[in-house]
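Quick note: the coordinates plus some simple rules give every number you see, no bench work behind them. These numbers were taken from a predicted model, which means no experiment stands behind them. Quick reminder, even Gly has a Cβ in these numbers, built from the backbone with ideal geometry, and neighbours come from all protein chains shown.
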Amino acid sequence: MSKYLKTRQEGRVLWVELVNPPVNFLTTDMLAELFSVVKRIRNDDSVRVLVLTGGLDDTFIMHFSIPELARISADSEKMRMDRLVKTRPGRALMRWATTLSGRLMDLSPRFEDMALQSARRLRERGGTLYLWLNMTRLYLAIERLDKITIAAVNGPVNGGGVELSACFDFRFMAGDAGFTLGQPEVLVGIIPGGGSTQRLPRLIGKAKSLEWMLRGNQLTPQEAKRLGLLTDVFKKKDFSRKVRQFAELMAKRPPVAVSAIKEAVRRGTETDLLDGLSVEMVESVRCFASGDAKKALKSYMALIRERVEVDPDKRIEPDELFDIMENARFVDGFDGK
């Protein structure tokens, strides 16, 4: 039973609402519950779109729980990490060990589960390790999910909330209710430690992300959209309807093609162009081998013959043709195979 999440499925769209009154402070336990949901839907073909939003009025995520963050200093002292990071060899060793463990967890889900379980058992002695593992592996799992993901930001969002939403494919926000976005960690002497130093430069560029993180200032939704941090901004009265419409449209996309595009983009941004093009070729072959692609191409060819390769007075305009395509009205749905 979930303490912090409310879930409901509408067609192919799974809605997850965050509920931690009064302002949805993000916690380790909330992350663990969300991780369970993400793991559960990985192989659930009935879910094609995941939407995360706040379950309280005008509330998304204020920021991460300060009491949990305050424990990090004490935990570091207990595990002698505070001494380790004071030397260059110590920092190099910590980076090496952390990267190695991450690679091993990527290769083996069983190892990942064991690492998380071990960290959870040691939580009372040092909760920071469990926090870090949960957060890092959850955010990677969201990015690697072969389904479309949407963060519907229905209230103010700061710190850890920004970092969580940065893992999603699309981010929407209500733009006329006075809500703002912030990455204010520098103002209290710490770093955005939930991935923002790595993901924000990839999303909005090095210069803009550095300026935002070093100033620690609040952005309006309109400013965030101009930077590329938000996909779009809607009026508050239209917000739920607009997000729902977009989610339902995305749920019509062929699952194999969705998975292939996400994999090619993700892998491509982590490597050089030549290797990225190789990934793209492999994913392209995977798509053409799918039943969905074969069926869609056959239906599209029939549509061309019937509505385009005809006399001018019977021919449809290009915008109408692609409206039919965008809304998947030329096929009877995609099977994901």
For the chain, Kirkwood radius (reciprocal of mean inverse C-alpha pair distance, Å)
22.0
Angle in degrees between helix 255-268 and the longest Cα principal axis of the chain, rounded to the nearest 10:
50
Please sort 252-262, 201-211 by packing, taking for each peptide the average over its residues of neighbouring beta carbons within 10 angstrom, highest first.
252-262, 201-211
How tilted is helix 206-215 with respect to the longest principal axis of the chain? Cα atoms for both, answer in degrees (0 to 90, nearest 10).
40
Net charge, ASN327 excluded, C-beta distance under 14 Å - Lys, Arg +1, Asp, Glu -1:
-3
Here the net charge surrounding MET173, from other residues whose Cβ is less than 9 Å away from its Cβ (Lys, Arg +1; Asp, Glu -1), is +1
Distant-in-sequence amide H partners of GLY54 (H built 1.01 Å from N, under 5 Å):
LEU18, ASN154
Too long for a 24 Å Cα-Cα cut-off, among LYS262/LYS295; LYS208/LYS242; LYS262/LYS337, are LYS208/LYS242
How would you order 149-155, 83-89 from highest to lowest mean count of nearby Cβ atoms within 10 Å?
149-155, 83-89
For q = 0.28 Å⁻¹, what log10 I(q)/I(0) does the stretch 188-249 give under the Debye formula with an equal point scatterer on each alpha carbon and no solvent?
-1.16
First check a/c for the stretch 17-106, with a ≥ b ≥ c the square roots of the eigenvalues of its C-alpha gyration tensor; if it is under 1.5, answer rounded, and if not, answer prolate when a/b is larger than b/c or oblate otherwise.
oblate
Could you derive backbone 3J(HN,Hα) for the stretch 101-113 from the dihedral phi with the Karplus parameters 6.51, -1.76 and 1.60 (θ = phi - 60°), listing whole Hz in sequence and x where the residue is Gly or Pro?
5, x, 4, 5, 5, 5, 6, 9, x, 5, 5, 4, 4
Cross-link reach from LYS206 to lysines, straight Cα distance under 19 Å and at least 8 residues apart if same chain, gives LYS225
Here the stretch 161-310 gives, from Cα atoms, an Rg and Dmax in Å of 19.9, 68
Rounded to whole Å and sorted largest first, what semi-axes of the equivalent ellipsoid does the C-alpha gyration tensor of the stretch 255-326 yield via the square root of 5 times each eigenvalue?
33, 14, 10
Euclidean distance between Cα centres, the stretch 240-313 to the stretch 40-93, Å
34
Any idea what Rg and Dmax come out to for the stretch 144-239 if you just take the C-alpha atoms, in Å?
12.7, 38
Net charge, VAL19 excluded, C-beta distance under 15 Å - Lys, Arg +1, Asp, Glu -1
-2
